[in-house]
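Everything below concerns the one structure shown next.
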Amino acid sequence: MRQTSLRLRAGIVSLTILLIFGLAWHIGVSGTGPAQQMDPEYAKLMGQTAVQGKSAMPGPLDVLAKIWSHLKEPFYDRGPNDKGIGIQLAYSIGRVLLGYGLAMLVALPLGFLIGMSPLMARALDPFIQIMKPVSPLAWMPLALYTIKDSSISSIFVIFICSLWPMLINTAFGVSSVRKEWLNVARTLEVGPFRRAFTVILPAAAPTIVTGMRISIGIAWLVIVAAEMLVGGTGIGYFVWNEWNNLSITNVITSILVIGLVGMILDQALARVARAVSFPE
Amino acid sequence: MSAKFISIEGITRRFHAPDGGTTTVFEDIWFAIARGEFVCMIGHSGCGKTTVLNILSGLDLPDDGAAIVDGKAIEGPSLDRAVIFQSHALLPWRTVLGNVAYAISSRWPRWSRSQVEEQARRFIEKVGLKGAEAKKPAQLSGGMKQRVGIARALSIEPKILLMDEPFSALDALTRGTLQDEVRRICLETGQTVFMITHDVDEAIYLADKIVLMTNGPEAMVAEIVENPLPKERDRNQIHRHPAFYAIRNHLIDFLVSRSKTFKSEIPADYDRRKPPVIVPQNQPQPLPPSHEAGRKVA
């Protein structure tokens, strides 16, 4: 009862904030009436901003109308510079999932190795420490030069940026499995392979999934920047293209859509995290 | 042979500090356990009790000497020796049934799923947890968790049961019931048990023999106390037995004073390989304060 009423009240506050923000936005960008008298021919050249005092920023209603038009037709394709936002998103999500999946394939086994072997942990530590803080976009020229394909290069950049949190968390999770659980496996003469899958993996899973959740967040941040850089397709390219078109409505729409997709990706991983967590 | 089912022969364990120094936890320890015997080890913290148990379980190895079971030196963990951990050490992501079944399928990898489950259910019932099979350890009380630990250890039908202060984290009431049940199960099956405790009454109630360790470091076995109480014991009547206070006072005297002073006043005829065996007997009041309370038999 208290729980629902709290949720309801929070919802009301959220909605109020949204309305106030929308109203302020609407008032802020709407015209202030004729600014000054000028020659009608000159006024035509100057446009609404100079004549009516109207802001160049679109209002909330313009953005809503834009979103509606995108929703009506998300997957249209009218040539390389005019594709529906749905297609652009699909490109971006596809690249993220590919790069992220590849990073998983490398990070999980390698993290296991580092977590299990103090020797490998120390041997690989300097490489990880130096590579981890490098902005993934710094890899882009090298990727373009060696791979010679802009789309694969952006997948590579996603791979690189998703790698580190997963690798570090897997290694940490594996190395900090409680000694007593390992002792249980030892006294039961459980072989190394079975031990890895029945004791270490379930024990480290919450930490590993936390790393995966950080990775997917970073990957989604980086894909927008990477696509702005390489161009062609994707939501990042879409944003930059609409900026070049001076369509601020589309830029704002993309910001909202990017946020929405990022939230969905994060929530999906949160769901996985709940599934593998265990109370002690 | 059966008199020395387990034989601890001159084991020493040293730990190396990071600054290069070494601490000898215990040195040159000798004692033996017969088949079907229930042996408790008592001593203060830091005397290496748990290390002795870890060596018996195979989780740790001695720096010198050997622990021999059934004629073979222990070289690593074995399913013949089940351990009940102080912290129960259940796998929290598995259910009660899953925890016990994990041990059983490790013991008999060829068993079918239904065979494993049947064995698991049998032992879960034996420790009085019928109905809780599908629960996760986090949903259980401390006593119930330790019951699962006991079921897991017994379900693999080990030759030796090793217990590291299994009841010390439980409240008095739960401890009592669990002691009763462990005692009943071990008597029924003729289980050989080695248990570590710091609870004198627990040792008197459960043990056939009690190994007394002096304080660490460089701990040693001071003596082995044979329990004068009959094998058939009733928790509520035990204190009426004429020898009860003799053994109780003897053990408490040891823990309070002699565990500290023993090393400085080692008896002339003390032999590390054959620590003196004492059977405390009823003494006329008032009780003498020291080890004269015991009659030497070895």
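The values are calculated or read from the model by the stated rules, or taken from the named source; none is laboratory data. Just so it is clear, the model here is predicted, and its values are computed rather than measured. Cβ atoms come from the backbone with ideal geometry, glycine included; neighbour counts cover every protein chain shown.
When you look at B:GLU165, is it of a type in the set (D, E, K, R), buried (at least 18 other Cβ atoms within 10 Å of the Cβ) and on the phi > 0 side of the Ramachandran plot, yes or no?
In short, yes.
Yes/no per residue for (1) in a loop (DSSP other than H, G, I, E, B); (2) more than 14 Å from every other protein chain (Cβ to nearest Cβ); (3) touching a helix residue (DSSP H, G or I) at 6+ places or on another chain (Cβ under 7 Å); (4) within 22 Å of B:ALA151 (Cα to Cα):
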{"position": "A:PRO206", "(1), (2), (3), (4)": "no, no, yes, no"}
{"position": "A:THR210", "(1), (2), (3), (4)": "no, yes, yes, no"}
{"position": "A:ILE223", "(1), (2), (3), (4)": "no, yes, yes, no"}
{"position": "A:GLY232", "(1), (2), (3), (4)": "yes, yes, yes, no"}
{"position": "A:TYR237", "(1), (2), (3), (4)": "no, yes, yes, no"}
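Please identify the pairs in which a residue from the range B:224-245 that is under 18 Å from B:GLN179 (Cβ atoms) and free of Cβ contacts under 8 Å to residues at least 40 places away in the same chain has its Cβ atom under 9 Å from the Cβ atom of a residue that is in a strand (DSSP E or B) and of a type in the set (Val, Ile, Thr), counting only partners at least 6 apart or on another chain.
Cβ pairs passing all conditions: B:ASN227/B:ILE210; B:ASN227/B:VAL279.
Could you grab the pairs with beta carbons closer than 7 Å, sequence gap of 6+ or different chains, first residue in the range A:253-280 and within 14 Å of another protein chain (Cβ to nearest Cβ), second one among the polar types (S, T, N, Q)?
Qualifying pairs under 7 Å: A:ALA273/A:THR210.
Would you confirm whether any residue within the range B:28-49 is within 14 Å of another protein chain (Cβ to nearest Cβ), within 23 Å of B:MET213 (Cα to Cα), within 19 Å of the chain's Cα centre (by Cα) and not basic (Lys, Arg)?
No, the conditions are met nowhere in the range B:28-49.
Scan the range A:31-44 for residues that are in a helix (DSSP H, G or I) and either modelled with pLDDT under 75 or loosely packed, with under 10 Cβ neighbours inside 10 Å (or both) and report the count.
Residues flagged as in a helix (DSSP H, G or I) and either modelled with pLDDT under 75 or loosely packed, with under 10 Cβ neighbours inside 10 Å (or both) within the range A:31-44 amount to 4.
Considering every residue within the range A:215-224, establish whether at least one is on the phi < 0 side of the Ramachandran plot, in contact with a Phe, Trp or Tyr (Cβ under 8 Å, 6 or more places away or on another chain), modelled with pLDDT under 95 and surrounded by 18 or more Cβ atoms within 10 Å (Cβ to Cβ).
Looking through the range A:215-224, none of the residues is on the phi < 0 side of the Ramachandran plot, in contact with a Phe, Trp or Tyr (Cβ under 8 Å, 6 or more places away or on another chain), modelled with pLDDT under 95 and surrounded by 18 or more Cβ atoms within 10 Å (Cβ to Cβ).
Out of the residues in the range B:117-140 meeting the condition of being surrounded by 22 or more Cβ atoms within 10 Å (Cβ to Cβ) and within 14 Å of another protein chain (Cβ to nearest Cβ), tell me which one is farthest from B:ALA82 (Cα to Cα).
B:PRO137
Going by what's in this entry, would B:VAL256 be described as among the hydrophobic types (A, V, I, L, M, F, W, C), over 20 Å from the mean Cα position of the chain (by Cα) and not in a loop (DSSP other than H, G, I, E, B)?
yes
In the range B:72-103, which residue that is touching a residue at least 24 places away in the same chain (Cβ under 8 Å) and away from every other protein chain (no Cβ under 12 Å) is surrounded by the most Cβ atoms within 10 Å (Cβ to Cβ)?
Per the criteria, the residue is B:VAL96.
Okay, residues lined up against (1) within 24 Å of B:ALA207 (Cα to Cα); (2) assigned to a strand (DSSP E or B); (3) touching a strand residue (DSSP E or B) at 6+ places or on another chain (Cβ under 6 Å):
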residue: B:VAL116; (1), (2), (3): no, no, no
residue: B:ARG122; (1), (2), (3): no, no, no
residue: B:GLY128; (1), (2), (3): yes, no, no
residue: B:GLY131; (1), (2), (3): no, no, no
residue: B:ALA153; (1), (2), (3): yes, no, yes
residue: B:LEU161; (1), (2), (3): yes, yes, yes
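Which one of B:GLY176, B:GLY143 is under 17 Å from the mean Cα position of the chain (by Cα), away from chain A (no Cβ under 14 Å) and of a type outside the set (Ser, Thr, Tyr)?
B:GLY176
If you take the residues of the range A:168-195 that are among the basic types (Lys, Arg) and touching a residue at least 12 places away in the same chain (Cβ under 8 Å), which of them is farthest from the other protein chains (Cβ to nearest Cβ)?
If we take residues in the range A:168-195 being among the basic types (Lys, Arg) and touching a residue at least 12 places away in the same chain (Cβ under 8 Å), then A:ARG195 is farthest from the other protein chains (Cβ to nearest Cβ).
Out of the range A:117-169, which residues are under 22 Å from A:TYR237 (Cα atoms), surrounded by 13 or more Cβ atoms within 10 Å (Cβ to Cβ) and among the polar types (S, T, N, Q)?
Selection gives A:SER150, A:SER151, A:SER153, A:SER154, A:SER162.
For the range A:241-257, enumerate the residues that are closer than 24 Å to A:ARG95 by Cα and surrounded by fewer than 18 Cβ atoms within 10 Å (Cβ to Cβ).
Across the range A:241-257, the qualifying residues are A:TRP243, A:ASN244, A:ILE255, A:LEU256.
Any residue at all in the range B:25-44 that is closer than 12 Å to B:PHE194 by Cβ, touching a helix residue (DSSP H, G or I) at 6+ places or on another chain (Cβ under 7 Å) and of a type outside the set (A, V, I, L, M, F, W, C)?
No, the range B:25-44 contains no residue that is closer than 12 Å to B:PHE194 by Cβ, touching a helix residue (DSSP H, G or I) at 6+ places or on another chain (Cβ under 7 Å) and of a type outside the set (A, V, I, L, M, F, W, C).
So if I check each of A:LEU182, A:LEU188, A:LEU246, A:LEU221, which one is closer than 30 Å to A:ILE67 by Cβ and more than 19 Å from the chain's Cα centre (by Cα)?
A:LEU246
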